[in-house]
Structure formats: C-alpha cells, structure tokens
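Participant: Would you mind keeping the following structure in view while I ask a few things?
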Amino acid sequence: MVAFHASALDGVARNPALPTPLLLRLLAFDGGGGRPPRDALQRAGLPESAVRAILAHPNPGARIDFAMSARADPAQRARLADDPSPNVRAALAYGPEVYDPRTKVAPLPNAVCVRLLDDPAPCVRTALLDSPHLALPSVASMAAHHSSAARREAVRAWEILPPGERSALLADPDPEVRRAAALGECRRDAHVTAELLRDPQSAAEALRRGLLVRADAERCVAERTHLVALAENPSLPADMVERLAVDPDEAVRLAVSLRPELDETRRMAIDFTVGDFDRGDGVQWVRDGLADPEVLRRAAASAHPLLRRAAAQSAHLPPDLLRLLARAEDPVVENLLGVHHPDTPEEILMRVYARLGGTFSSWMAETHPRFPRECLAARYADHPDGKYRRLAVRDPAATPALIERLSRDPAVRTRQAAAGDPRLPLHRLREALDVPELASSAGANPALPEDEMAAVLARAGVPD
C-alpha cells in the first residue's frame, strides 16, 4: 500500500462523519498488517454492529485495541471477558493507557473485575491488579480473596475496609500482605509503627506516616536516618519539628516547610529552596485534599511555591482561588492549571502555548476547551512563526480562502491543521488526500464526502 494511501485511510478511520457501512468495511480489513486501523477500533460511540464485528475479529490484536479503548463504553469492553485469548483478557483487565489527565476512564463493572481476578491465566490476574482504573469498591472487595497479591492490593482501600477485614489483613499468613496492612494501620497505632521500624523495607514509610513515640523519633535524628521522611510525619512533636527546620540538610528543611500545621510566618521563615521545575507532587496532604475546599484554600493562598503548585493540580479550585493562582506569575503553576482546571483563563493558556510550543503542556493548553478562538485569524494569519499561523485555523471567522491558503503554508503543522478543517474548499481537500503529509488530516476532515471516503478505501485496497 502506498504510504499516503495508508495515511488517508488512517484519517478516514477517525473521521467523525464516517458512515457505518464504510466503518464495517474498515473493520473487516487487515491493512496488510493483520488488523484494521486502530482509530477505527477505538472510535467513540461505536454502533452495535461494529462492536459485534470487533468482538468476532479473527486477529487478537484488533480485539486488544478495542479492549484498551478509552472511548468505548466499559460494558462493551467487558464483553471481552470470555475472549479465548489471554492477551486480550489481560488488555481488558488493565484497561486503556491514558496520557491526558483530562481523560477520565470509567471502570469495568465490579462483577467483571471479580471474574478477571480469578482468570486461569496469570497475566490476566496481574494486569487487573496493576490497572490504574480499578474503582475503590472493587479494590476493597479483594480483602478476603484467596490470592495474596489481591489481598495486598486491597490495602489501598484501607480507610473504607470494615474493622474485621483490617484485622484479618494484619494477621494475614503472607508477610507482604501483613506489611502492607501494617503500613495502613500505623497512622493510628504506635505499636504497629514500632514493629515496622524494625523492618528495613518499611522503616522509611513508617517514619513518614506512622504514629510515633518520641524515643523512635529521637533515635532517627541521632542516627540521621530517613530524616526527610521523619520531617513529614504528622505526629512529630513540635520541638522536633523546630529542630529539623534548621537541619543542615536542605531536603529536610524543605520537607519541614511543607508541613500542614505551620502558619505562613513560620513556614516562610525556614531556609528552603524550590527547584524551578518541581511540581509539588510529593506534598501528600495537598494531593489527598485536591477536592477539599479548606485544603485548597490553605495551599493556594500560601507563599510557598510548592504548595501553590500542588493546589494548581486540582480541577476543583473555586473561582477566587483560580484567579489567585493565575496571578502567581509562576510558569509551573500556569502549566498545571492548563492541564488540570476546566476554567483556566484564556490568557494563561495562551502564555503556556507561547512559552512551550511543541511540548505536552503546550498541547494540553491548545486542546483546552477554553483556549482562545475568536479573532485569531486577524491576529496571526500572517505571523512570521508557523506555530501562530496555525492558530488562525481555530478562528470561526476564518474564511475558506484563508483556510486554503494556510493549507499551502510553509509550516507542515499549519498545513495539516488547515487540511483537516471543514471549511477547506472541496477541490483543495481532494488534492490534499494525495499529499503524503496532508493525507491523514484530509482523510479525517468531516467535510469529506462519503464517495471520497469510499474512494480512499478503494485506493487502499479495502474490499467492498
């Protein structure tokens, strides 16, 4: 198959206007590689006839692609739980690989998770336990499972487990399950914490989160072991917090500066340094409270850069805190708001795009629902930088003549954006289908007539 014919076919596979008969033809096509184009298998809103065709596809790779579709309804994907291939069932168990934080994947039904957890193939069971998409009730339901790996996973739901199940996990016959359970329980039990401190594999985490007796904290300071973890511990006595606030180790002082109980005067009196690109991912009390208005208010209003950056990762910031962070003049805060918040101001998104063109953060800003659209053609159609000329395509007021002109732009990404725009005149759209670097964008153009889509399929060798 000629390369640009394949590109045009890939574009047609993701074209939102693709009619069902052509989609079914695509799904029956192996493309010379044994499976249909992935975009055909992972389209949103697949009709039932297409789902049946995928479930019955002879190539397991096609069924794997569908099993890992973030756009498919979980109940549709769940129909692969009886697939004859363990690789397909493992793909279903793990679920979609999602790189866009704004994409939310609905979990599989709990009954399906229960079946996959008892699948005869070890790879399926492992994939389910590794899945980032398990619902917390599904995790909790594993507490009494016969598999020690499943019981260990259940500890992630420690706070919602009944007391009896917690006790059983603390006394589990498997030492790894007992250790995981003890790390869940040590927040409220100093004796459990003391036991964990004797285990080199769990000592650091126990110091970070466990209920401490003073003697254990003093010993840690005297031996200078795991001091950063100790500096985060919620039960650390106030006088020891003050000692660690002037510790010679900069990382220890930084950890102390992030403690939730400090007022702003004390926090900012600590000598700490924050990296230019540090996002604040390790500020656990803020991470745990990204939906808590009080936590967000304390973090967003702080003068500490890492607290503001941690708060900027919340999609739940109220309007006043969003405005406050938007005025922070911190590029990392702006990047994070562009990724995570649905109401990020247009000017922030534009600054991220201008500053970081070609990066993930820039792409997240450009694809944000609030990214500017109006007046972009007048401002940028003749800009010397192709990155800005491409923005002119977004403007609803851009004329077909301008879109055609931009489809011949020197910058390839500008040409591709114009080739996918439905205002592109039909004669130019047909030409673009035969231009290698434009064929995919043109194939995905929703204004492409059905007969042209059918012609793309025919040129690519897709049988009727």
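The values are calculated or read from the model by the stated rules, or taken from the named source; none is laboratory data. These numbers come from a predicted model, not from an experiment. Because the Cβ atoms are built from the backbone with ideal geometry, glycine has one as well, and the counts that use them run over all protein chains shown. When the accessible area is computed, the model is the full protein with side chains, heavy atoms only, and any ligands, DNA or RNA have been set aside. Shrake-Rupley method; radii C 1.70, N 1.55, O 1.52, S 1.80 Å.
Participant: Taking the range 294-352 as the search range and keeping residues that are assigned to a loop (DSSP other than H, G, I, E, B) and among the small types (Gly, Ala, Ser), which one is nearest to Asp278 (Cα to Cα)?
Facilitator: Ala312
Participant: Being touching a Ser or Thr at 6+ places or on another chain (Cβ under 7 Å), among the hydroxyl-bearing types (Ser, Thr, Tyr) and farther than 15 Å from Val112 by Cβ is the requirement here; does Ser69 meet it?
Facilitator: Taking the combined requirement at face value, the residue does not satisfy it.
Participant: Just the residues that are of a type in the set (Gly, Ala, Ser) and within 30 Å of the chain's Cα centre (by Cα), please, taken from the range 145-180.
Facilitator: Ser147, Ser148, Ala149, Ala150, Ala154, Ala157, Ala180
Participant: Moving on. Which residues, counting only those in the range 258-277, are open to solvent by less than 70 Å² (accessible area, probe 1.4 Å) and within 20 Å of the chain's Cα centre (by Cα)?
Facilitator: Answer for the range 258-277, where residues must be open to solvent by less than 70 Å² (accessible area, probe 1.4 Å) and within 20 Å of the chain's Cα centre (by Cα): there is none.
Participant: Here are some conditions: (1) farther than 24 Å from Leu324 by Cα; (2) in contact (Cβ under 8 Å) with a residue 24 or more places away in the chain; (3) assigned to a helix (DSSP H, G or I). His427 meets all but one. Which one does it not meet?
Facilitator: Tallying (1) farther than 24 Å from Leu324 by Cα; (2) in contact (Cβ under 8 Å) with a residue 24 or more places away in the chain; (3) assigned to a helix (DSSP H, G or I), His427 fails exactly one: (2).
Participant: Next question. List, please: which pairs have Cβ atoms under 6 Å, are six or more places apart or on different chains, and start with a residue in the range 62-77 that is in contact (Cβ under 8 Å) with a residue 24 or more places away in the chain and closer than 19 Å to Leu26 by Cα and end with one that is open to solvent by 20 Å² or more (accessible area, probe 1.4 Å) and of a type in the set (Lys, Arg)?
Facilitator: Ala62/Arg35; Asp65/Arg38
Participant: Then there is this: Of everything in the range 278-302, what is within 18 Å of Ala231 (Cβ to Cβ), under 20 Å from the mean Cα position of the chain (by Cα) and not hydrophobic (A, V, I, L, M, F, W, C)? Give them in sequence order.
Facilitator: Asp278, Gly280, Asp281, Gly282, Gln284, Arg287, Asp288, listed by residue number.
Participant: For the range 207-215, state whether one or more residues are touching a Pro at 6+ places or on another chain (Cβ under 7 Å), at pLDDT 95 or above, part of a helix (DSSP H, G or I) and not β-branched (Val, Ile, Thr).
Facilitator: Looking through the range 207-215, at least one residue is touching a Pro at 6+ places or on another chain (Cβ under 7 Å), at pLDDT 95 or above, part of a helix (DSSP H, G or I) and not β-branched (Val, Ile, Thr).
Participant: Run down Asp118, Asp82, Asp100 and say which single residue is of a type in the set (Asp, Glu) and open to solvent by less than 70 Å² (accessible area, probe 1.4 Å).
Facilitator: Only one candidate passes the filter, namely Asp100.
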